[in-house]
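Visitor: One structure, pasted below without further comment.
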Amino acid sequence: MKRRGLLIVLSGPSGVGKGTVRAAIFNKTDQKFVYSVSATTRAARPGEVDGKDYFFKTREEFEKMIEQGQLLEYAEYVGNYYGTPIDYVEKTLAEGKDVFLEIEVQGAIQVREKMPEGVYIFLTPPDLSVLQSRIVNRGTDSDDVIQQRMKKAREELNLMKHYDYAVRNDQVDLAVAKIECIIASEHLRVQRSIDTIEEIEEELEAMLD
């Protein structure tokens, strides 16, 4: 029996550096994760590619996906929808591959309700001043949007209790190393090896018969 892949969910407040940390993990030559691309109605930022960074959808297209039950999770954040297409995630996990999701906090909590067996990692900023600096220095948002994002970030930090792990993102390489250690240890959990143990027991019984 092929062991089911591990669902890894990386989340945290806007501006904490989720995308940067995820990119650093996937830029490593020895990584074996499959990145699940999210769908969104927000406009593409400079350098972002449709189908690689996000599936960029119109609001009408996204709401049709909601109606047809095509999303594992979705959330509306600062006037835009974000969501995870469900079919690709399930198919990849069934093939025994680890799926890596980088999603907003609201979406991560929805996924946890449907797939509690996943590993949920909350990325935290060193402090709020650093978080605000990161949001401002993006240079892609208006002052109103920046204020909305800061208000939302404070609310999201209070939801950290719904996660399994918290990783401080003060240095990207250190955050990546901690996340890799978390995933390695999760693969060794006894509960995730029940199927393998049952197969060994069956083989032993057959040998003794």
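Visitor: Kindly indicate the residue of the stretch 34-58 that is in a strand (DSSP E or B) and open to solvent by less than 70 Å² (accessible area, probe 1.4 Å) and also nearest to TYR81 (Cα to Cα) among those meeting that condition.
Guide: Looking at the filtered set, the residue picked out is THR40.
Visitor: In this structure, is THR196 part of a loop (DSSP other than H, G, I, E, B), at pLDDT below 85 and open to solvent by less than 70 Å² (accessible area, probe 1.4 Å)?
Guide: The answer is no for THR196.
Visitor: Could you check the stretch 20-33 and list, in sequence order, the residues that are part of a loop (DSSP other than H, G, I, E, B), closer than 16 Å to GLU102 by Cβ and open to solvent by 60 Å² or more (accessible area, probe 1.4 Å)?
Guide: Of everything in the stretch 20-33, those that are part of a loop (DSSP other than H, G, I, E, B), closer than 16 Å to GLU102 by Cβ and open to solvent by 60 Å² or more (accessible area, probe 1.4 Å) turn out to be ASN27, LYS28.
Visitor: Among the residues of the stretch 37-53, what is the count of those that are among the small types (Gly, Ala, Ser) and either modelled with pLDDT under 85 or under 15 Å from GLY107 (Cα atoms) (or both)?
Guide: 2
Visitor: What about VAL89, is it closer than 25 Å to PHE33 by Cβ, crowded, with 18+ Cβ neighbours inside 10 Å and modelled with pLDDT of 95 or more?
Guide: So VAL89 does not fit the description; no.
Visitor: Need the failing condition index for LEU131 against (1) buried (at least 22 other Cβ atoms within 10 Å of the Cβ); (2) of a type outside the set (Lys, Arg); (3) modelled with pLDDT under 90; (4) under 24 Å from HIS187 (Cα atoms), just the number.
Guide: Result: LEU131 passes all but (4).
Visitor: Could you tell me which of the residues LYS161, LYS151 is modelled with pLDDT under 90, open to solvent by 50 Å² or more (accessible area, probe 1.4 Å) and farther than 18 Å from GLY17 by Cβ?
Guide: After ruling out the rest, the residue left standing is LYS151.
Visitor: Are any residues in the stretch 143-166 under 16 Å from the mean Cα position of the chain (by Cα) and outside any helix (DSSP H, G or I), and if so, which ones?
Guide: Once the filter is applied, which keeps residues that are under 16 Å from the mean Cα position of the chain (by Cα) and outside any helix (DSSP H, G or I), the stretch 143-166 yields LEU159, TYR163, ASP164, TYR165, ALA166.
Visitor: A further question on this structure: Anything in the stretch 77-101 that is in contact with a helix residue (DSSP H, G or I) (Cβ under 8 Å, 6 or more places away or on another chain) and assigned to a strand (DSSP E or B)? List them, or say none.
Guide: TYR77, TYR81, TYR82, GLY83, THR84, PRO85, VAL99, PHE100, LEU101
Visitor: So in the stretch 164-178, with the set limited to residues that are among the aliphatic types (A, V, I, L, M) and touching a Phe, Trp or Tyr at 6+ places or on another chain (Cβ under 8 Å), which one is most open to solvent (accessible area, probe 1.4 Å)?
Guide: ALA166
Visitor: Conditions: (1) in contact with a Phe, Trp or Tyr (Cβ under 8 Å, 6 or more places away or on another chain); (2) open to solvent by 40 Å² or more (accessible area, probe 1.4 Å); (3) assigned to a loop (DSSP other than H, G, I, E, B). ILE66 meets all but one. Number of the miss?
Guide: Among (1) in contact with a Phe, Trp or Tyr (Cβ under 8 Å, 6 or more places away or on another chain); (2) open to solvent by 40 Å² or more (accessible area, probe 1.4 Å); (3) assigned to a loop (DSSP other than H, G, I, E, B), the lone unmet condition for ILE66 is (3).
The values are calculated or read from the model by the stated rules, or taken from the named source; none is laboratory data. Keep in mind that this is a model prediction, so the values were computed, not measured. Neighbour counts run over all protein chains shown; Cβ positions are idealised from the backbone, glycine included. With ligands, DNA and RNA removed, areas are computed over all heavy atoms of the protein, side chains included. Shrake-Rupley method; radii C 1.70, N 1.55, O 1.52, S 1.80 Å.
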